[in-house]
1. Cα-Cα over 32 Å: which of Lys221/Lys243; Lys162/Lys221; Lys162/Lys243?
2. Between Leu181 and Ser134, 0.36 nm times their residue separation minus their Cα-Cα distance comes to what?
3. Starting from the Cα of Val38, step 7 Å along the direction of its Cβ; do the same at Phe260; then give the gap between the two resulting points in nm.
4. Between Leu225 and Val102, what is the label-to-label distance in nm when each label sits 7 Å out along the Cα-to-Cβ direction?
5. Would you mind classifying the range 146-227 by shape? Square roots of the alpha carbon gyration tensor eigenvalues, ordered a ≥ b ≥ c; an a/c under 1.5 is rounded, otherwise it is prolate if a/b is larger than b/c and oblate if not.
6. Distance in nm between label sites at Ala203 and Ser232, each 7 Å beyond Cα in the beta-carbon direction?
Amino acid sequence: MKKTYIAIMVAGLMGTGLVAKTASAEEATSELPYGMTVAGDIGVASQYVWRGVTQTSGKTAVQGDIGVAVGGFSIGGWFSNAYPVATTANGGAPQFQGRDVVEFDWTASYGGDIGDTGISYSVGDILYTYLYDSPSNFNEVNAGLAYGPLSLTGYYVTGDSKSKAYLKGDIWVDLGASYSLAGFDLSGTVSYASWKKDAVNRATVANYKNGISLATVGLSKGFTLGDVAMTSSLTVSVPLATKQADGNRYIYGVAAKNEFVAALNMSY
């Protein structure tokens, strides 16, 4: 089944997203008129980790996505439960204290091949939105190149979130590699971060050091259960940011630890 458009559609969602932000290896597709294609999946992960930072404090996450593509253009949506409102940087709205945030990410992208070079490209936009925590909403644009098993994708925040957790000018870059062996899909990513300097909203400057910040390694396998396409995956993320005086390594100003995610997805 054709997977290229799904990979492009979720490029911005993946980041080093570790869990169901990666489209399943056996994602189902349906053919529609005018060359339109629709695909999606839904699944459960042991936790939700995004760019090396846990978004559920180790709690289980239910996640899913759906995308529609025509030619090289695609749009899509992705959701997951996330952190409790009480732990957000801005405290959230009082009436929502204690509730789990629900994250909805909306993507639009275009991609294709550069002649006969074997190089493919993608450009896109991702709007991150949070039910019960709208001050954390923010937008990123992204652009990427891929050649064989290698890929390079950059992300740029286009405006400050009201919570100031994300600032215009923040840059995240992923250098990735993938390989299939004996029916398993292997992947690895090294990520570089460049943070917008802000003495007011990022007063603890030591927690926002530019440089290589994260490494991730993933293993997944697609299989069928009856007529249902499934994908199981295991992913490990290791923060590489400079260790600070308190012994922690920080990503987005949050202490990042070694994280492990197990996930099971069903395609539809």
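Every number in this text was worked out from the coordinates using simple rules, so none of it is lab data. Given the structure is predicted, the values throughout are model-derived calculations rather than measurements. Cβ placement follows ideal geometry from the backbone for every residue including glycine, while neighbour counts extend to all protein chains displayed.
1. Values: Lys221/Lys243 34 Å; Lys162/Lys221 40 Å; Lys162/Lys243 28 Å.
Lys221/Lys243; Lys162/Lys221, as the Cα separations exceed 32 Å there.
2. 12.7 nm
3. 3.9 nm
4. Taking the simple label geometry, Leu225 and Val102 are separated by 2.3 nm.
5. Prolate shape, in that a/c is at least 1.5 and a/b is the bigger ratio.
6. Inter-label distance under the simple model: 4.9 nm.
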